[in-house]
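**Student:** Please find one structure pasted underneath; my questions will follow.
The values are calculated or read from the model by the stated rules, or taken from the named source; none is laboratory data. Computed from a predicted model, the values in this text were never measured in an experiment. Here the Cβ positions follow ideal geometry from the backbone for every residue, glycine too, while neighbour counts run over all protein chains shown.
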Amino acid sequence: MPGLVREDRNQNRLSHRDAEIEESVLETLRTTSVSFGESIACRCRDGRLVMTGTLPLYYLKQLAQESAGQVEGVHVVINQIQVDFAKNSGPSKQSEARPK
């Protein structure tokens, strides 16, 4: 899924184990039955995973956090994913109405 990315800030300081954890988290998110669709980034330092990005539903934010927390090596998940409800809004009732 191209929307899921590992943040590359200070990549040279990233330990090999932290990089493996980040990749495992992203792979877990890619293979869930739910499409996260939007960009989610993560970075890991000593087992502390920080997740950022934007999702259209609070449920997806929680699901991403729960999924990431199940990855071996993740000790703490700091979920900074934003929920943008506007991305979830479908057509308004007005636009669905048909003239009689």
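**Student:** Is it the case, given these coordinates, that Val50 is surrounded by 15 or more Cβ atoms within 10 Å (Cβ to Cβ) and more than 14 Å from the chain's Cα centre (by Cα)? Please lay out each step first, then the result.
**Tutor:** Working: surrounded by 15 or more Cβ atoms within 10 Å (Cβ to Cβ): yes; more than 14 Å from the chain's Cα centre (by Cα): no.
In short, no.
**Student:** Also: Condition test on Val74, is it more than 9 Å from the chain's Cα centre (by Cα), at pLDDT below 95 and either surrounded by 15 or more Cβ atoms within 10 Å (Cβ to Cβ) or not in a helix (DSSP H, G or I) (or both)? First the steps, then the outcome.
**Tutor:** Details: more than 9 Å from the chain's Cα centre (by Cα): yes; at pLDDT below 95: no; either surrounded by 15 or more Cβ atoms within 10 Å (Cβ to Cβ) or not in a helix (DSSP H, G or I) (or both): yes.
Here the answer is no, as Val74 does not meet what is asked.
**Student:** Which pairs do you get when a residue that is within 12 Å of Ile40 (Cα to Cα), found in the range 59-78, comes within reach of a residue that is surrounded by fewer than 19 Cβ atoms within 10 Å (Cβ to Cβ), reach meaning Cβ atoms under 6 angstrom, with the pair 6+ apart or on two chains?
**Tutor:** From residues that are within 12 Å of Ile40 (Cα to Cα), the pairs are Lys61/Val83; Gln65/Asn79.
**Student:** Can you pull out the residues in the range 77-92 that are more than 11 Å from the chain's Cα centre (by Cα) and surrounded by 12 or more Cβ atoms within 10 Å (Cβ to Cβ)? Break it down stepwise before answering.
**Tutor:** As a first pass, look at the range 77-92 and keep what is more than 11 Å from the chain's Cα centre (by Cα): 77-78, 84-92.
The answer is Val77, Ile78, Asp84, Lys87, Asn88.
**Student:** Moving to a separate point now. Would you mind telling me which numbered condition in (1) among the hydroxyl-bearing types (Ser, Thr, Tyr); (2) exposed (fewer than 14 other Cβ atoms within 10 Å of the Cβ); (3) at pLDDT 90 or above Ser24 fails?
**Tutor:** Unmet condition: (2).
**Student:** All but one of (1) assigned to a loop (DSSP other than H, G, I, E, B); (2) at pLDDT 90 or above; (3) not hydrophobic (A, V, I, L, M, F, W, C) hold for Arg9; state the number of the condition that does not hold.
**Tutor:** Condition (2) is where Arg9 drops out.
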